[in-house]
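See structure below.
The values are calculated or read from the model by the stated rules, or taken from the named source; none is laboratory data. Model, not experiment: these values are computed from the prediction. Cβ atoms come from the backbone with ideal geometry, glycine included; neighbour counts cover every protein chain shown. These accessible areas exclude ligands, DNA and RNA; they are computed on the full protein's heavy atoms, side chains included. Shrake-Rupley method; radii C 1.70, N 1.55, O 1.52, S 1.80 Å.
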Amino acid sequence: HLERTFRFNADWSMIRKILSVGIPNGLENSMFQLGKVLVLSLVSTFGTYAIAANAVSNVITLFSILPGQAICLAVTTVIARCVGAGDYEQAKYYNKKLILLTHIGMAITIFIVFITLPFILKVYNLSEAASEATRHIIWFHGFCAILIWAESFTLPATFRACGDAKACMIISTLSMWIFRVGASYILGKNLGLGVFGVWVAMIIDWAVRSLLFGIRYFSGKWEKHALVS
């Protein structure tokens, strides 16, 4: 005997909660990609050496931040479970622990990148100008990533896990357009720093994000946005 067991009833309350996280996160990622396109169009005006240095630096730095990206996935799951249980003290404990692990993991990975950088540059067979620019970018990015990457990207993962995605979208988008895109044109084009200025602007964006996310974290406002408890 077969019954009609499929009965679709939309839970609009749950759908609204899901969209309250999904839509801001999607808009944030869209704005981020659009900003990257504008920055890349600026880099292309600096010449072929800058395009090559920027492309190689993007690949190497992506490897450098792999531990941080992996831990961000863990943050979303762990913090969401703590918030769902209504235990914000435990959420704060694991947030601190995971941010510390992010710093340690990225320090190890970036140290490996620093050691192997001469061999990596030989593999790409870059020009002398492109190699020099890439070397400066990797060292600058590496030290700054160890110091502030976790606060810039792990903290917003904590907020999203708590349902506080709208604040993340506003902070990230404003910082992106004002400091990463705006400062890239000022430093790279107007002040003549070239492709290195674009990466300096990115670090400025990280620093501003870290500051604003830190202020929101210690204000405790993120604790009032739990979707399910």
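Numbers for the structure displayed
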| read-out | value |
| --- | --- |
| Cα gyration tensor category, rounded, prolate or oblate, for the range 1-108 with a/c compared to 1.5 | oblate |
| Potential lengthening between LEU73 and ILE15 on full extension [0.36 nm per residue; Cα-Cα distance subtracted] | 18.7 nm |
| The chain: calculated mean residue ellipticity at 222 nm from DSSP helix runs of at least 4, using -39500 (n - 2.57) | -27500 deg cm²/dmol |
| Per-pair calculated FRET efficiency, R0 = 41 Å: LYS36 and GLU89 via Cβ, rounded to 0.05 | 0.60 |
| Virtual spin-label span in nm between LYS97 and ILE186, 7 Å along Cα→Cβ | 4.1 |
| Cα centre as origin, Lys/Arg/Asp/Glu Cβ charges: the chain dipole, Debye | 400 |
| Karplus 3J(HN,Hα) series, Hz, for the range 74-89 with 6.51 cos²θ - 1.76 cosθ + 1.60 (x for Gly, Pro) | 5, 4, 4, 6, 5, 5, 4, 5, 5, 5, x, 7, x, 9, 6, 5 |
| Förster-model FRET efficiency, 25 Å R0, TRP177 and THR48, C-beta, rounded to 0.05 | 0.35 |
| From the coordinates shown, Cα Rg over 2.2 N^0.38 Å corresponds to which of (1) 1.41; (2) 1.18; (3) 1.13 | (2) |
| Residue with peak Gaussian network fluctuation, the chain [Cα springs, cutoff 10 Å], from PHE111, PHE119, PHE63 | PHE119 |
| Portion, in percent, of the accessible area of the chain that falls on carbon or sulfur, probe 1.4 Å | 69 |
| Per residue accessible area in Å² of the range 141-187, where ligands, DNA and RNA are left out and the probe is 1.4 Å | 33 |
| Dipole of the range 89-172 [Lys/Arg +1, Asp/Glu -1 at C-beta], most positive-end residue of ALA157, PRO118, ILE146 | ALA157 |
| Probe 1.4 Å - accessible area at ASP11, Å² to nearest ten | 90 |
| Calculated Rg and Dmax of the range 95-229 using C-alpha coordinates, Å | 17.4, 58 |
